[in-house]
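Scroll down for the structure; my scribbles are underneath it.
The values are calculated or read from the model by the stated rules, or taken from the named source; none is laboratory data. All values derive from a computational prediction rather than experimental measurement. Note that we place each Cβ from the backbone using ideal geometry, even for glycine, and neighbour counts take in every protein chain shown. The protein model used for the area step is the full one, side chains on, heavy atoms only, and it has no ligands, DNA or RNA in it. Shrake-Rupley method; radii C 1.70, N 1.55, O 1.52, S 1.80 Å.
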Amino acid sequence: MKRRIAREIAVQSLYQIQMNEATPQEAVQIAIHEAEHDNETELNFSGDKIDPLYIVELVEGTYSNKVRIDELLEEYLKGWAMDRLSRIDREVLRLAVYEMLYRDDVPPKVVVNEAIDLAKHYGTEESGKFVNGVLGKMIKEVEDLKGKVTPS
């Protein structure tokens, strides 16, 4: 499965939820539909390449734990408030925190690297450095933080 593309679609879905007040399922359907019709993205939902259920799990998990994720992020955003972040940076950070703290199927270092790449691709010129700085602080305490979260 190409988790990179799944994460891209998940970030796009989270963005849709924020912008259009869509449900997680609606947002994922919209993002998948757009990705399927994007000439730059090669999606294959058959076999083991892309699992739409994995995308839904990422989006629903991030969305349902958003309040706690935002509280944690606020602790690491020295001098920043969540509402001051760009929408893309905010969703990339939320997804990364969800994956690091609520899932055990991806090593935290991989999550951070993927988040940096997503921020660079979809965010501003400074997004990659910003996401790296925030998540770099969190990764040092990830095991302690995992003990403080409970899934919604």
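Write down Rg/Rh for the chain, rounded to two decimals, with Rg from the C-alpha atoms and Rh from the Kirkwood relation over Cα pairs.
Working: Rg = 14.6 Å, Rh = 15.5 Å.
For the chain, the value is 0.94.
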Using a 1.4 angstrom probe on the protein heavy atoms only, could you order 124, 23, 62 from most to least accessible area?
124, 23, 62
Ignoring ligands and nucleic acids, residue 94 exposes an accessible area, probe 1.4 Å, in Å² to the nearest 10, of 20
Rounded to the nearest 500, what is the chain's calculated 222 nm mean residue ellipticity when only DSSP H runs of at least 4 contribute -39500 (n - 2.57) each, over all residues?
-21500 deg cm²/dmol
Quick one: plug the Kirkwood hydrodynamic radius of region 85-144 (C-alpha pairs) into Stokes-Einstein at 20 °C, 1.002 mPa s, and report D in µm²/s.
192
Pull out the extension gain between residue 53 and residue 141, defined as 0.36 nm times the separation in residues minus the alpha carbon to alpha carbon distance; nm, one decimal.
28.7 nm
Calculate, for residue 36 and residue 4, the FRET efficiency according to 1/(1 + (r/R0)^6) with r their C-beta to C-beta distance and R0 25 Å; round to the nearest 0.05.
0.95
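With +1 on each Lys and Arg Cβ and -1 on each Asp and Glu Cβ, and nothing else charged, work out how big the dipole of the chain is about its Cα centre, in Debye to the nearest 20.
Numbers: 20 positive and 29 negative charges, 108 e Å.
I would put it at about 520 debye.
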Label-point separation in nm, residue 75 to residue 26, each point 7 Å along Cα→Cβ
3.4
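Can you give the local net charge around residue 25? Use residues other than it whose beta-carbon is closer than 12 angstrom to its beta-carbon, Lys and Arg +1, Asp and Glu -1.
Computed value for this residue: -3.
Please list 114, 141, 21 in order of solvent-accessible area, largest first, computed with a 1.4 Å probe with all protein chains present.
Values: 114 40, 141 85, 21 165 Å².
Per-residue accessible area, sorted high to low, gives 21, 141, 114.
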